[in-house]
1. How do the pairs read when you match residues in region A:81-101 that are within 7 Å of chain B (Cβ to nearest Cβ) with residues anywhere that are assigned to a loop (DSSP other than H, G, I, E, B) and surrounded by 18 or more Cβ atoms within 10 Å (Cβ to Cβ), using Cβ under 6 Å and keeping only pairs 6 or more apart or on different chains?
2. Looking at (1) more than 14 Å from chain B (Cβ to nearest Cβ); (2) within 18 Å of residue B:55 (Cα to Cα); (3) within 18 Å of the chain's Cα centre (by Cα), which is the one condition that is false for residue A:45?
3. Go through (1) touching a strand residue (DSSP E or B) at 6+ places or on another chain (Cβ under 7 Å); (2) farther than 18 Å from residue A:89 by Cβ; (3) more than 10 Å from chain A (Cβ to nearest Cβ) one by one and return the number of the condition residue B:73 breaks.
4. List the number of the failed condition for residue A:127; all other conditions in (1) away from chain B (no Cβ under 11 Å); (2) under 14 Å from residue A:45 (Cβ atoms); (3) crowded, with 22+ Cβ neighbours inside 10 Å hold.
5. Scanning region B:1-46 for residues that are without any contact (Cβ under 8 Å) to a residue 24 or more places away in the chain and in a loop (DSSP other than H, G, I, E, B), which turns out farthest from the other protein chains (Cβ to nearest Cβ)?
6. Regarding residue A:128, is this residue within 14 Å of the chain's Cα centre (by Cα) and either modelled with pLDDT of 90 or more or under 28 Å from residue A:266 (Cα atoms) (or both)?
7. Has region A:137-152 got at least one residue that is in contact with a helix residue (DSSP H, G or I) (Cβ under 8 Å, 6 or more places away or on another chain), farther than 26 Å from residue B:122 by Cβ, touching a residue at least 24 places away in the same chain (Cβ under 8 Å) and assigned to a helix (DSSP H, G or I)?
8. Go through region A:5-29 and give me each residue that's surrounded by 20 or more Cβ atoms within 10 Å (Cβ to Cβ), over 16 Å from residue A:105 (Cα atoms) and more than 12 Å from chain B (Cβ to nearest Cβ).
């Protein structure tokens, strides 16, 4: 195990990949490895990229990564796609858009399923960010699943969050709604060669005007055509600018605290859920309580209190 | 949580026909596996690099161009060279029957031709992959 950790710290791809698998499967070896990994983390710039499905997240990441590589930075990419609620399987297809990065040993790409997590991320993503960070990657990019309106968990993990929108998805009311349109550090209007782009940019800009009035820092709105590599240089500049802003204003520490809080909550949640629903003593009790609820012999609240009473005493 | 079988489905070489690969990918997804699809025109090196990073249990190769004796074998050799000899390799596409024994000798564990029921492929993988 010590060997595995030291190899991860040296950036060995086999070991990084193996530890990620162990972490995804809640293996005890991973838990103990993660304890040794943590002191070596904190230097990577974590960038979250979110947006509706088909908005061009993977393509944009490919282009951004090429520019980061030109600056001499190494990049870890975590690409999340949905796990089927029916079969538990997943089709992870983000690599298709990143073929150009496949042979670059300064880039490590890992595809992950959501494993039942809502919010656009997957439970093990905190571990994977730490693993890639500790392995020496200068930049770690987290690509969420294609999101709807409310999957906003990426802000808990990313230092810089990019929200990708595309022309033609709705009117200005959509940009006023709560949720995804509130979380951006940078807005990217991708597929800017499509009709309706001026309107989309104007709507996002007016949203920024409303929500940033009085604040000294306005959220930038950029247009890109990722597939033609247009606007990516400017986007990279804004990302760097945001990072410098975080460092200057102590926002960095605040952001990191938010991540560690979310991670702590997630570990406790996972262990508690495991304890309640997978330990055999509770499993039988829960089964019989569900039966009783169905027969109206007991209500769901009383049943929940009975289970929690057993744990909390 | 049950450990998921991870499968890389790849199209090596210059062959643009990926319907078969997509159907198999979809079927393995429905069988509860995590399928990483690489897309078209992969070199053996790209396939193996992806297999390492994704830490897959299985590499599935699809080829209809006739270059399987070169490309399947290259992938198998490179996987071994990179210390990934525990990965199960399966192939599919237009593979003449007389090539199958030769491919098996080179480490391609099974070859599934056109008309193979998808269940047969997922059952085979489930049986072969050690948990």
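The values are calculated or read from the model by the stated rules, or taken from the named source; none is laboratory data. Computed from a predicted model, the values in this text were never measured in an experiment. Virtual Cβ from ideal backbone geometry, glycine too; neighbours counted across all protein chains shown.
1. Going by the 6 Å Cβ cut-off, the qualifying pairs are A:87/B:32; A:88/B:32; A:89/B:32; A:89/B:33; A:95/B:38; A:96/B:39; A:99/B:39.
2. (2)
3. Of (1) touching a strand residue (DSSP E or B) at 6+ places or on another chain (Cβ under 7 Å); (2) farther than 18 Å from residue A:89 by Cβ; (3) more than 10 Å from chain A (Cβ to nearest Cβ), only one is false for residue B:73: (1).
4. (2)
5. Only one residue fits best here, namely B:2.
6. Values: within 14 Å of the chain's Cα centre (by Cα): yes; either modelled with pLDDT of 90 or more or under 28 Å from residue A:266 (Cα atoms) (or both): yes.
Judged against the criteria, residue A:128 is a match.
7. So far as region A:137-152 goes, no, none of its residues is in contact with a helix residue (DSSP H, G or I) (Cβ under 8 Å, 6 or more places away or on another chain), farther than 26 Å from residue B:122 by Cβ, touching a residue at least 24 places away in the same chain (Cβ under 8 Å) and assigned to a helix (DSSP H, G or I).
8. A:5
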